[in-house]
Every structure is written in C-alpha cells, then in structure tokens.
Amino acid sequence: MTEESRIHLSAQTLKGIAHPIRVRLLGLLRSEGPSTATKLAERIGQSSGVTSYHLRQLAQYGFVEEAADLGTGRERWWQASHRSTTLDAPAAREAPVETEIYMRAVATTSAERVDRWLGEATSIPSDWDDSMGLNDYALLLTPQEAAELLAKLNEIVQTYRAYYERPVPEGAERVEVQVNVMPFLSRTSNSSPAAPAEKTATPTEEN
C-alpha cells in the first residue's frame with residue numbers, strides 16, 4: 001500500500017474522526033464506494049441531516065471529499081480520500097481522549113463484523129472450512145516482543161491482495177482479517193503501555 005492511500009492521524013485530525021458515526025461512515029465509503037448522505041443514512045439508521053453533518057466534518061479534516069463526477073448536482077456524492085488510517089503512538093498520547101473514542105468506535109465496528117459473520121458462517125460452502133476461525137492466544141511478552149509480533153502480523157497480511165486490487169482471480173471473495181495485540185499490564189508493573197501502532201476498521205479502518 002502506498003503512503004498516498006493512507007492517512008496518518010495527528011492530534012488535530014483525531015478530533016475529526018473521534019465519533020462512532022464518522023468512523024462508520026468512513027468505513028462504508030471505503031468498503032462500498034462513493035455514496036450520498038441519504039443512502040448512507042439508510043445504511044446506518046440515521047437521518048440524512050445527521051449523516052450530512054458528519055460527512056462535512058469528515059471533509060473538513062480531510063477524510064472524505066466530494067465525488068464531483070457523480071450525481072446530477074441535486075445531491076452531493078462523497079468518497080473516501082484514503083484507503084486506510086494509521087494511528088501512531090505519539091499522536092495517540094498527545095490526544096488520549098480522542099484516541100479512546102476513536103479506538104472504541106473501531107472496536108465496535110470490528111465486533112459488529114464478527115457478529116455478522118457468525119450469523120452467516122453456517123451457510124458458507126465447505127471449501128472455505130479450513131480458511132476461517134476465531135483465535136485467541138494469551139502470551140507472556142516483553143514490550144519489544146509484542147512490537148515485533150504486531151509488525152510481523154501486519155507484514156504478513158499486507159503480502160496478500162487487498163480487496164480493492166485488480167485483477168481478482170476466480171473464486172476470490174472478501175475476507176476480513178482483524179489484528180489485535182493488546183497488552184494487559186499487571187498492577188505492580190511500572191511500565192507505561194504503548195499505544196497500538198496502527199488501527200484499520202472497518203474498516204479495518206482498513207477495508
């Protein structure tokens with residue numbers, strides 16, 4: 001993925017994305033393509049006035065932009081300005097309140113996707129049986145080992161074809177991979193937990 005297709009959050013731009021509705025709208029524009037406030041309102045169960053407001057806020061902070069070549073001029077069409085979002089530790093620590101709101105919204109979106117998949121899993125053809133699962137591991141790691149693990153997991157995922165890449169081989173379907181590395185520090189630890197290097201939703205923030 002090129003840097004041009006990724007937006008790196010700052011303490012300032014976190015203010016523009018730290019809202020559950022905005023995270024969801026951005027994810028829909030990334031995964032399903034350009035849309036209008038009215039169509040997005042139907043998708044998320046809100047009024048078009050609410051989605052219009054949040055889309056304007058996303059545009060103000062550079063997350064979305066008007067799709068000028070779409071529509072008839074009677075209603076704005078919006079598109080995502082980037083394919084993914086990255087939140088680095090320095091920005092997260094500079095804006096802890098906005099970071100928590102944003103990350104909780106991403107986590108909620110991820111949980112909704114898992115719930116949707118579970119509702120459909122029994123109807124998935126048997127040739128996918130060995131390619132899906134929910135895995136949970138508890139490890140004892142140092143901060144350096146945890147950082148290495150996260151980097152390796154992200155590196156492996158990015159060697160595979162993203163949903164927007166072409167051409168798509170026959171038989172390919174959308175597969176979502178959620179990567180979470182979550183340190184739980186003991187009460188006696190003097191260490192300061194590091195903010196995750198990247199969050200993508202959902203998508204992923206990265207869809």
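What is region 22-79 by shape, rounded, prolate or oblate, if you read a ≥ b ≥ c off the alpha carbon gyration tensor as root eigenvalues and call it rounded for a/c under 1.5, prolate for a/b larger than b/c, and oblate otherwise?
In terms of gyration-tensor shape, rounded.
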For the chain, set up a GNM with springs between Cα atoms under 10 Å and report which of GLU66, GLU75, GLU176 has the largest fluctuation.
GLU75
Students often get this wrong, so try it: which of [x] 24; [y] 19; [z] 4 is percent of Cα pairs over 33 Å apart as calculated from the structure shown?
[y]
Fewest to most Cβ atoms within 10 Å: MET132, MET182 sort as MET182, MET132
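So if each residue of separation counts as 0.36 nm, and I subtract the Cα-Cα distance between ASP129 and ARG93, what length gain in nm does that give? Could you put the intermediate results ahead of the total?
Working: separation 36, 0.36 × 36 = 12.96 nm, distance 4.11 nm.
Between ASP129 and ARG93, full extension yields 8.9 nm more.
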Before anything else, pin down the relative contact order of region 1-92: Cα pairs under 8 Å, at least 6 apart, normalised by residue count, whole percent.
42
At a Förster distance of 30 Å, what's the computed FRET efficiency of LEU141 paired with GLU100, Cβ-Cβ distance as r, to 0.05?
0.85
Choice from PRO96, PRO167, PRO34 with maximal GNM fluctuation in the chain (Cα, 10 Å cutoff)
PRO167
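Could you work out how much longer the chain between LYS39 and ALA111 gets when fully extended? Use 0.36 nm per residue separation minus the Cα distance between them, nm to one decimal.
Details: separation 72, 0.36 × 72 = 25.92 nm, distance 2.31 nm.
Stretched fully, the LYS39-ALA111 segment lengthens by 23.6 nm.
Coordinate-derived values only; no laboratory data. Remember, it's a predicted structure, so these values are computed and weren't measured experimentally. Please note: Cβ atoms are built from the backbone with ideal geometry, for glycine as well, and neighbour counts cover all protein chains shown.
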